[in-house]
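Engineer: Below is the structure I would like to discuss, written out as structure tokens.
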Amino acid sequence: DSFVAIDLNSGARTLLMDNHVGSGKKLLGPDAIIGPIDGKSQFVLFDKVSTGIGENQTNVVMADLAEQTLTESGTVTLDSRLTPIAYSPERNLIHFWSSWPNGKGIETFDVASRTVNVVKYSGEFVEAFNNPKGFAVDSIGKVAYMGAMVPQQDNTFKAAVFAVDLDNGGVKLVAENGLGTGPTFFYISSLAFSKSRNEILIADLFSDQWIGINPVTGDRRVVATSSANEVFSPVFSYVPTNSDVMITLSHSFRWDKLQSVDLGTGKITTIASNNKGGGSPFFSMDSVATNVSGDTAYIADSELGGVWQVDMKTGDRVVVLR
């Protein structure tokens, strides 16, 4: 990440140049990006804190991606892993699925006050949440939908989707094979929610399909099917407000892809990958957000330690913050 001159006699080193992009603090490894929170160019980044293994502190960083500036807003301690995440319709609250032994709840970060509130899970399905597989919030910010692999007595797992009340933590089973009608699903890798369609969307690695779920009845439909020559491995997905197109990120042996899925036609389009679009290769896509007009995506890359700006039409990308 740097260009250093080394004295071959003494071993003394002098930093000549590094690849820090943008002004303000330097990012260590952003796991999540949310925004724009101001309807323009202000985004929130959740960045690593170099405090050692086992400590769950996270830097909350305000980023103006138009000006390429970073301002550290403080450090919070979360029981949650930083993924999966979801945000309220107004984007003023950011929710984390907590699956740590001392967590067992949804942690909510208030962007304005920089405070964290925890709602504990309650109900018979709580143990299923040790292995979350996607997380999204409904259109009014009252319910979180979660995909999970539920452990069975024969040491196998069963795929299921749950709803959690964000006020009291109450858990309700929404969908599983045998509940509701439509295609079966066996391994959830990602989950999103379409506000315009009022539909839960899951990626099923067994069938290589995106499946839509009615949150009331549990009935299902095939939304999109991956082509035979494509590796289907979504790890993050979300549907921008009032949009009928879902944005997804995929990992496959370092073959990261940014894709879109038309929820009406089922068309899956690869927007950018390590062999599509101009720019350096991606490292580890973790989370994505788009600007208001939807023509630009911003991807948090924890291994790069920065944020990519991607043209949604051409797939060209540049690092805007690092």
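Engineer: Could you tell me the calculated FRET efficiency between Thr156 and Thr269, based on Cβ-Cβ distance and R0 = 45 angstrom, to the nearest 0.05?
Structural biologist: Details: r = 35 Å, r/R0 = 0.77.
Taking R0 as 45 Å, the efficiency between Thr156 and Thr269 is 0.80.
Engineer: Could you work out how far apart the two model spin labels at Ser243 and Ser227 are, taking each label as a point 7 Å from the Cα in the direction of the beta carbon, and quote it in nm?
Structural biologist: Once both label points are built, they end up 2.2 nm from each other.
Engineer: What would the Debye equation give as log₁₀ I(q)/I(0) for the stretch 142-211 at q = 0.12, 0.20, 0.23, 0.24 Å⁻¹, counting only Cα atoms as equal point scatterers?
Structural biologist: Cα-only, vacuum Debye calculation for the stretch 142-211: -0.32, -0.87, -1.11, -1.18.
Engineer: If you don't mind, another one. Take the residue pairs Lys120/Lys257; Lys120/Lys172; Lys40/Lys313 and return only those whose Cα atoms are more than 25 Å apart. Mind showing how you got there, number by number?
Structural biologist: Working: Lys120/Lys257 35 Å; Lys120/Lys172 14 Å; Lys40/Lys313 20 Å.
Correct reply: Lys120/Lys257.
Engineer: To continue, here is another question. Between Val292 and Leu173, with labels modelled 7 Å along Cα→Cβ, what's the label distance in nm to one decimal, could you check?
Structural biologist: Reported label-point gap for Val292 and Leu173 is 4.5 nm.
Engineer: Given the stretch 207-322 reduced to its alpha-carbon atoms as identical point scatterers, what log10 I(q)/I(0) does the Debye formula return at q = 0.23 Å⁻¹?
Structural biologist: Values, matching the q order: -1.38.
The numbers here are math on the coordinates, done by the rules we state, and not lab data. Remember, it's a predicted structure, so these values are computed and weren't measured experimentally. A quick note on method: Cβ atoms are made from the backbone with ideal geometry, for glycine too, and the neighbour counts reach across all protein chains shown.
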